[in-house]
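**Q** Have a look at this one.
Derivation of every value follows stated rules applied to the coordinates shown; laboratory data play no part. Just so it is clear, the model here is predicted, and its values are computed rather than measured. Every residue, glycine as well, gets a Cβ built from its backbone with ideal geometry; the counts of neighbours run over all protein chains shown.
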């Protein structure tokens with residue numbers, strides 16, 4: 001399953017950090033961040049709990065860029 005989320009991030013470099021953090025999260029098959037559109041697309045592993053995975057994605061993203069936000 002793929003979902004798109006609105007994000008808040010200050011710069012393209014920070015968006016790249018968020019993308020890498022999201023990709024490294026358990027339950028995420030793939031992730032991409034579009035800084036210009038302020039969107040994150042996440043493809044979940046089969047059977048993954050979307051809400052739990054997105055809480056982990058946000059936690060991992062805040063570890064590398066503490067001022068970022070993901071809205072779902």
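**Q** Measure nothing fancy, just the Cα-based angle from helix 12-23's long axis to the longest principal axis of the chain, in degrees from 0 to 90, nearest 10.
**A** 10
**Q** To test your reading of the geometry: what angle, between 0 and 90 degrees and rounded to tens, separates the Cα axis of helix 50-64 from the longest principal axis of the chain?
**A** It is inclined by approximately 30 degrees.
**Q** Given the Cα-Cα distance of residue 41 and residue 26 and 0.36 nm per residue of separation, how much length would full extension add, in nm?
**A** This chain segment gains 3.9 nm when fully extended.
**Q** Sorted from fewest to most neighbouring beta carbons within 10 Å, what does the list 54, 36 look like?
**A** Taking fewest neighbouring Cβ atoms as first place, the list is 36, 54.
**Q** How long are the semi-axes of the equivalent ellipsoid of the chain, defined as square roots of 5 times the Cα gyration tensor eigenvalues? Whole Å, largest first.
**A** 18, 12, 10
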